[in-house]
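Heads up: the structure comes next, in structure tokens.
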Amino acid sequence: MGCRQIRRCYTAAIVCAPSAYGPPGVAMQGITVRVPGSTSNLGPGFDCLGVALRLHNSVTIIRGPSRQSSHPGIVSEAADRFFKQARCRAFSFSSSIVEQVPRSRGLGGSATVRLGILLALNRLSGDPLDRITLFQLCAELEGHPDNAAPASFGGFTVVQSSASNSVAQDKRGACCTVQRFNVAWRLYFVLLVPDLEIQTERARRILPSKISHIAAAENCANACALTAAFASHHYEKLRCTFTDHLHQPFRAKLIPFLPRVVSAAENAGALGAFLSGSGSTVAAVTLHAPKKIAAAMVRAASAPARTIITHADNRGAQIFSLRSSITDH
């Protein structure tokens, strides 16, 4: 029950343009951004609820000449969006990513990379954009804000307004209002991470265009009760709040073991369990016996999988300067 790290290195030039960067008198050569993965939706909170987890990817940007001609798409797309929004001259850089967040498992891995690139380039450019704007850029790149918010701000986050629909439809400048709350250390998150990968685009295509008023009303009630429990730290009241009618019943077609893993976690003492993001990870929340719950989830899955027991990350993305020096001006 642990975390594995994978290091991926990329070097490439975006545009070679010698521009000033950083505060006056300080020349920063490299930035590392440590970004938490996240579990989103939490059952009924489709595209609006999320929790940052103590499971991180680290993105390092080194400003300067590079040996290769192009970045991976996820890196170059984020860089292009940053330079366009910041209206500053692009510069060449190399990047590397140390991955602890499993890919394509509904744990916000793509959001960590996009946000890491945005925050690092912003710092190397002298911080022209504030943290809210950078979050909104990440949400636009993701197509939904529920992973971008906890990755940016940490804790339990609620994204309000029509941001989910607007961002998904690629409407630039959609207003995303975020509220965040600390999550107590006594709450455990038990993650069943199958070998099965699920692409978000595929998981969204399977969703119906309409649901009944009854289903929508129950989802609304559950999401409100869940939010109140997190905000008040009355975690015992999370029981029976994770039931969803918007996405989980339909995504179970892609993840057939989902219902029995959820039941196994709850029977073992979890406050509740749900599909993390678009899957394939199944997350359980508990105040007690996380190892017992993890073992029950593995048995119920009857599929190749590993478990991770962790807590919430209340700090969000953190920025570290690799090397700085005082220069004379």
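What follows draws every value from the coordinates through simple rules; no lab data is involved. What you see is a predicted model; the values in this text were computed from it and never measured. So basically every Cβ, Gly included, is an ideal-geometry build from the backbone, and we count neighbours across all protein chains shown.
Ranked highest first by average number of other Cβ atoms within 10 Å, how do 311-320, 71-80 line up? The partial results should precede the final answer.
Working: 311-320: 19.4, 71-80: 17.6.
Result, highest mean Cβ count within 10 Å first: 311-320, 71-80.
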Ranked on Cβ counts within 10 Å of their own Cβ, fewest leading, HIS213, HIS234 go HIS213, HIS234
Quick one: order ARG81, ARG239 by neighbouring beta-carbon count within 10 Å, fewest to most. ARG239, ARG81
So who's got an amide H within less than 5 Å of the one on ARG315, skipping anything under 5 residues away but keeping other chains? H placed 1.01 Å off N, in plane. GLY155
With Rg and the Kirkwood Rh both taken from Cα atoms, where does Rg over Rh land for segment 243-329? 1.25
Starting from the amide H of LEU55, placed 1.01 Å from N in the peptide plane, find each other amide H under 5 Å away whose residue is 5 or more places distant or on another chain. GLY37
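Evaluate 2.2 N^0.38 Å with N set to the residue count of segment 249-300, then give the Cα radius of gyration divided by it.
That works out to 1.04 for segment 249-300.
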Compute log10 of I(q)/I(0) for segment 188-310 with the Debye formula, placing one identical point scatterer on every Cα and leaving out solvent, at q = 0.11, 0.19, 0.21 Å⁻¹, to two decimals. -0.37, -1.06, -1.22
Less than 12 Å Cβ to Cβ from ARG251, Lys/Arg counted +1 and Asp/Glu -1: what total charge do the surrounding residues give? +3
